[in-house]
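Below is one structure, written out as structure tokens, with a few remarks after it.
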Amino acid sequence: MGAPSITVLTLIFCAVANMSIGIYVFTRNRRSPCHRAFLLYALLIAVWALGISLATGPTTPNVQFVRLAFAAGALIPIAMLRFAEHFLSPSRGVSVVDKWILTPIGLTFSLLAWSPWLLTAADVHDNILRLSYGPLHLPFSFYVLSCFVFVIFVLFSTYREATGVFKLQTKYLLVAFSVPTGLAMITNVVIPLALGSSTQSKLGPIFSLMMVGLIGHAIIRHRFMDIRVVIKQGAVYLAAFGVAGAIMLSLLIASNLIFQDDHWFTTLEILLALSVAVLFHPLKTRIQLAFDRYLYREPYNYQRIIRETSRALSNTIELPAILDCAGGTMRDTLKPEWAAVYLLDEDEGQLERVWSAGAGGEAQLLPPGSALVERAASMKVLVFRDELVSADSAGAAVTDMTRLNADVAAPLLAEGRLFGLIVLGPKRSGSPYFSDDADLLQTLAHQSAVAIRNAQTHQRVVQVNEELRKTLATIQSGVIAVGSRGRISVTNKAAEQFTGLSAEALRGRGTEQLPPVLARLIEATLEDGQSRSQIEIALPDQVGQMVPLMCTASPLRNPQGALVGAVAVFSDLSRLRELERERRRAERLASMEAIASGMVHEIRNPLVAIKTFTQLLPTRFNDPGFRDTFSRVAGREIARVDDLLDRFRMLSSASRQPMEPVDVTAPIGDTLQLLQPRLEERRVSLRRVGETAPRSVLGNASQLEQLFLNLCLNALEAMDSGGELTVRVADLSEGGGSTLLVEVSDTGSGIPDDMLEQIFNPFVTTKDHGTGLGLAICRAITDAHRAILRARNNVGRPGCTFTVEFPVPVAKPARVPA
């Protein structure tokens, strides 16, 4: 193959290489002005190289191809300057010098390239392209040199002030522009300008291969223009195969040049081919290792890292150790400038940084409304900043990652819900994150998510257990919990005091270790799964005295409803009983004071009347009228005192009457039957509600009849003619309650609000001639029956209502098993 053919093929390869890297860069981010300017720059170099390749050949060249090369060459300095300006300052845009001076000049020269003003003729002598230039070639040359010097000056000035990765990227761009372009300037501008012609013009485009190589190296190793290259292992293997094949081809060509032979395949060549075939595998391995070190910085063993990390994570349950393990693995393997782990704070609802390494990622909190957090939660995969740049809806997420100086974020997920983020900054080397890096990071994120979630659950369990332990230690009620097999799992200090047994002696033992009455209660709950509430039991204390306890046993169930144990809670009733006795004593004292005061008042009135007559008796004894009046008044007042004493006797003896099951509807019916004549006499109607079935309570029939008689008489005396007396019975135990209600309502004038609280006290009455003992007797009877008596004025209608709440045992009363 002749030299011209090799030159043409080389120039065509230059054109293809420039077009390829330009299109690749453009497809990484079509919206970026910097990427578009680089595409224009690479395409113009490709057209320049293609024009020279078409003009170079053994025959007379077509001058139009040379003019095409000149037209493209006039625009190359503008595209180079435009790309440099967009790369160095994306937000500032195009400079005034570029926009209003160099660009118009370049466009003018590009148009003049098609006229004899720049190029007059082109010819080939001895396979060498020779050009004849027009009168505007000199200003054209100065224009190209000026643009080149201006671009290099701008790049060098920026490089001196830049820092970090940007300084490194600027250095590669400066070298990629200055060295190849400087050589092209010598062969295509300086030599023709000095000698009037150049035989080396075809070398100018070839120098662009240096620029392509430097730009590609900057992209692969230092993420030039924020491009992340994903290089598959197959490409590395193909490159290794190509290099090994090139070595074999070079050996064959060299053998034919050194050892002349008429045959193409000689014995020596066959031996050389066999040698290369034998050595191909180790040669390929060494070449592939070299590519790995170049493309992947330092190769790492993926399986070994995952295996060791998994083993380390499984050996601890402490969250700080897990964070150090996972974060340290990513830091040491991927070598980012900084790394951080953010976890969700359930109380605050935002992500908080809990682990970090390196300088960067100053944000301590990530709010839940952060675009990065929302995108990671929705995508549930790794989020790369350079991939977001080309997405139309990811502007806010890109802003968040830029603010954090983050290149990749890995979501931590539990049941499909994001609870954390692993954020990594750029690599310290400036290299991109390759597909192997992404696979490793994704796997580590999955393993870390499981380990972190388990550690958080463990922390919560430990915290809850500690809080439960402190709570159980401070409460005064005893607590004993057992498992489904009856083994004691939880006791507190109060339970130790009540049972006289230590927690160490009980934990893990069966219920037979407990006092029998308590053990039977827990065992019964375990057997049938039913709660037993407010069961009164008694346990001996240290001196043998029985301590009254109120115990409640409840089943423990898991979320599926299965029985997993039982818990018994028991409280000391001694203090409560003492308080009840104190209250009753105080009430009795207050009642005795009121009764004594009332008795003095009530008995003094008849005694005053009798005393008055006795004082007059000596002087008026012979008066028949006086004696008759005295006899009548004395008898009446003595009867009044006797009635008052009977009422006092009933008030004091109410609690000493025997109690037995009584159908409450029977004394109600007897009372209403007794009052029927008076109801008819006063023309008061009677309405009875809810007396269709027997309603049993524990009580005394005669006292209950006295209770209802007093309430009904009180209602009758409060109503005028034409009123209505309502008696209502309601058994609330039928709906799950434990009370029986009896209500007596009238349509009278009601009770003054200021007397509602004292209406049941002795000698408190709203009647003109009442004793004030009727409702006090009713209160004493209800207290004896452990019932509650209340009075209220009716709402929306006249009158008042008296309500008696009797305790009723449930259908299956809870009891301690025998």
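The values are calculated or read from the model by the stated rules, or taken from the named source; none is laboratory data. Here the structure is a predicted model, which is why all the values come from computation and not from measurement. So basically every Cβ, Gly included, is an ideal-geometry build from the backbone, and we count neighbours across all protein chains shown. Surface accessibility is based on the protein's heavy atoms, side chains included, excluding ligands, DNA and RNA. Shrake-Rupley method; radii C 1.70, N 1.55, O 1.52, S 1.80 Å.
Checking F498 against (1) open to solvent by 50 Å² or more (accessible area, probe 1.4 Å); (2) at negative phi: exactly one of these is not met. Which one?
F498 satisfies every listed condition except (1).
Please state which of the following conditions A524 fails to meet, knowing it meets all the rest: (1) closer than 20 Å to P548 by Cα; (2) more than 34 Å from the chain's Cα centre (by Cα).
(1)
State whether the residues of the range 215-234 include one that is over 44 Å from the mean Cα position of the chain (by Cα) and at pLDDT 75 or above.
Checking the range 215-234: at least one residue is over 44 Å from the mean Cα position of the chain (by Cα) and at pLDDT 75 or above.
A122 is checked against (1) part of a strand (DSSP E or B); (2) modelled with pLDDT of 80 or more; (3) buried (at least 16 other Cβ atoms within 10 Å of the Cβ) and fails just one. What number does that condition carry?
Going through (1) part of a strand (DSSP E or B); (2) modelled with pLDDT of 80 or more; (3) buried (at least 16 other Cβ atoms within 10 Å of the Cβ) one by one, A122 breaks only (2).
Name the one entry in V341, V398 that is under 22 Å from H446 (Cα atoms) and of a type in the set (A, V, I, L, M).
Of the residues listed, the single one that is under 22 Å from H446 (Cα atoms) and of a type in the set (A, V, I, L, M) is V341.
For (1) open to solvent by 40 Å² or more (accessible area, probe 1.4 Å); (2) at pLDDT below 85; (3) farther than 22 Å from L775 by Cα; (4) not aliphatic (A, V, I, L, M), each residue gets a yes or a no:
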{"site": "S685", "(1), (2), (3), (4)": "yes, no, yes, yes"}
{"site": "Q703", "(1), (2), (3), (4)": "no, yes, no, yes"}
{"site": "Q706", "(1), (2), (3), (4)": "yes, yes, no, yes"}
{"site": "L709", "(1), (2), (3), (4)": "no, no, no, no"}
{"site": "L725", "(1), (2), (3), (4)": "no, no, no, no"}
{"site": "G736", "(1), (2), (3), (4)": "yes, yes, yes, yes"}
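For T457, are the conditions met, namely being under 30 Å from R353 (Cα atoms) and under 33 Å from the mean Cα position of the chain (by Cα)?
Judged against the criteria, T457 is a match.
With a cut-off of at least 3 residues that are surrounded by fewer than 21 Cβ atoms within 10 Å (Cβ to Cβ) and at pLDDT 85 or above, name the strands (runs of 3 or more DSSP E) lying wholly within the range 376-487.
It comes to 417-424, 478-483.
Regarding the range 198-210, can at least one residue be identified that is under 30 Å from D407 (Cβ atoms), under 46 Å from the mean Cα position of the chain (by Cα), at pLDDT 70 or above and assigned to a helix (DSSP H, G or I)?
Within the range 198-210, not a single residue is under 30 Å from D407 (Cβ atoms), under 46 Å from the mean Cα position of the chain (by Cα), at pLDDT 70 or above and assigned to a helix (DSSP H, G or I).
Filtering the range 173-184 down to residues that are surrounded by fewer than 20 Cβ atoms within 10 Å (Cβ to Cβ) and in contact (Cβ under 8 Å) with a residue 24 or more places away in the chain, which residue is nearest to V144 (Cα to Cα)?
Filtering the range 173-184 for residues that are surrounded by fewer than 20 Cβ atoms within 10 Å (Cβ to Cβ) and in contact (Cβ under 8 Å) with a residue 24 or more places away in the chain, the one nearest to V144 (Cα to Cα) comes out as G182.
Tell me, which residue of the range 303-333 that is under 29 Å from G369 (Cβ atoms) and among the hydrophobic types (A, V, I, L, M, F, W, C) is farthest from the chain's Cα centre (by Cα)?
M330
Against the condition assigned to a helix (DSSP H, G or I), modelled with pLDDT of 85 or more and open to solvent by less than 20 Å² (accessible area, probe 1.4 Å), how does A42 come out, does it pass?
Yes, satisfied.
Looking only at residues that are touching a helix residue (DSSP H, G or I) at 6+ places or on another chain (Cβ under 7 Å) and over 20 Å from S115 (Cα atoms) in the range 57-76, which one is modelled with the highest pLDDT?
Filtering first and then ranking leaves G57.
Would you point out the residue of the range 344-362, among those that are surrounded by 17 or more Cβ atoms within 10 Å (Cβ to Cβ) and touching a Phe, Trp or Tyr at 6+ places or on another chain (Cβ under 6 Å), that is modelled with the lowest pLDDT?
Result: G361.
Here's a check for you: in the range 738-751, which residue that is under 60 Å from the mean Cα position of the chain (by Cα) and either β-branched (V, I, T) or modelled with pLDDT under 85 (or both) is surrounded by the fewest Cβ atoms within 10 Å (Cβ to Cβ)?
Filtering first and then ranking leaves S738.
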